[in-house]
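Read the structure below first, then the notes.
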Amino acid sequence: MVASNKKKQGNVCRECHRVVEGEACVVCGSGNLSTDWSGYLVIIDPERSEISKKMNIKLPGIYALKVR
Ligand SMILES: [Zn+2]
């Protein structure tokens, strides 16, 4: 019994926390992805968002709050 009831929710880049569809991050090009993450963060305007500054997000998109 190994995490068979876990929902499939895609990959997240460990470098920048971007939610990725595929094998590599579209933002930083990293292949260092994690499936163990939680919390959606939708960044529409990174220039005006405090949380995007804290997380060093420069592009709009969907990010994860926590990545393990
Ligand atoms: Zn990335």
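The values are calculated or read from the model by the stated rules, or taken from the named source; none is laboratory data. Remember, predicted model here, so these are calculated numbers, not experimental data. A quick note on method: Cβ atoms are made from the backbone with ideal geometry, for glycine too, and the neighbour counts reach across all protein chains shown.
Side notes on the structure shown:
- When restricted to residues that are small (Gly, Ala, Ser) and near the ligand (Cβ under 10 Å from one of its atoms), region 10-36 contains 4.
- Residue within region 56-63 that is hydroxyl-bearing (Ser, Thr, Tyr), surrounded by fewer than 13 Cβ atoms within 10 Å (Cβ to Cβ) and within 11 Å of the chain's Cα centre (by Cα) present: no
- Taking each residue of region 17-38 that is over 19 Å from Pro60 (Cβ atoms) and looking for partners that are of a type in the set (S, T, N, Q) and assigned to a strand (DSSP E or B) with beta-carbon atoms closer than 7 Å, six or more apart or interchain, yields Leu33/Asn11; Ser34/Asn11; Thr35/Asn11.
- Top-ranked residue in region 43-55 [being hydrophobic (A, V, I, L, M, F, W, C) and at pLDDT 95 or above; ranked as surrounded by the most Cβ atoms within 10 Å (Cβ to Cβ)]: Ile43
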